[in-house]
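What follows draws every value from the coordinates through simple rules; no lab data is involved. Predicted model only: the values in this text are computed from it and were never measured. Cβ atoms come from the backbone with ideal geometry, glycine included; neighbour counts cover every protein chain shown.
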Amino acid sequence: MHRLDLTALDTAGHLLVPDALDAARVARLRLAFPAPAPDATGTQHVTIDDATPARDEWRSLADHPLLRAAAAHVLGPEFHVRDVHGRNPLPGHGLQGLHADWPARAAGQPFEVLTALWLLDEFTAANGATRIVPGTHLLPRPVPRDLAQPHARHPDERIVTGPAGAVLLLNGHLWHAGRLNTSAGPRRCVQMVVQRGPLRARDP
């Protein structure tokens, strides 16, 4: 069990844990990615259902101690996983504008979502590792329209790289974006959104 210093989620809004998953578990999770079949955006998406290879491995990530500790820290004692899917921006694709995973909150309101990216390949500068703008989860306003353009850059943004098996935990209000995969290989990950409160019939 990792002993986490979760204060980075308070201040910077993100935390990378390098060895969250061992190599055998990473290999099993990769089984859900068939031969690349991108959608119109050039990104391969994997939906988890009863027919998914290693589906139990995917579903068990919801109970990973790292995820639960981070979710309780950011969201409070009651939360639920609202979305989990695979994402693989293929070479020449993956560029996004800065965005948050939840609408801007008013000052003083609680945080609503935590995002976890479980890295199934090494995330590098070449293959388009996620960029983040530290501290923006604390701003009570949305990403400005000009910075939401894919080629726009924020002066304080940072690229978060990490090995396969790492997990990148983000306060879901943090401004972040995928970058262009300029390598010849994949950038597979499990993307998970955890929401404050109990599961409801209609979440936005």
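For the chain, report the translational diffusion coefficient in µm²/s to the nearest whole number, using Stokes-Einstein at 10 °C, 1.306 mPa s, and a Kirkwood Rh over Cα pairs. Here the translational diffusion coefficient equals 92 µm²/s.
Here the label points at Arg141 and His45, each 7 Å from Cα along the C-beta direction, are separated by 3.1 nm in the simple model.
Projecting the Cα atoms of Thr47, Thr136, Val190 onto the charge dipole of the range 16-196, computed from C-beta unit charges around the Cα centre, puts Thr136 farthest toward the positive end. Shown here for the range 132-195: trypsin sites (Lys or Arg not before Pro) in loop regions (DSSP other than H, G, I, E, B) with at most 16 other Cβ atoms within 10 Å, namely Arg145, Arg153.
Centroid-to-centroid, using Cα positions, the range 1-76 and the range 113-167 are 16 Å apart. This ranking places Ile132, Ile48, Ile159 by how few other beta-carbon atoms lie within 10 Å of each, fewest first, which gives Ile159, Ile48, Ile132. The value of relative contact order for the chain, using C-alpha pairs under 8 Å at least six residues apart, is 34 percent.
Given 0.36 nm per residue, what is the gain on full extension from Asp156 to Ala54 after removing their alpha carbon distance, in nm? Display every interim value, and only then the final one.
On the way: separation 102, 0.36 × 102 = 36.72 nm, distance 3.88 nm.
Extending this stretch completely gives an extra 32.8 nm.
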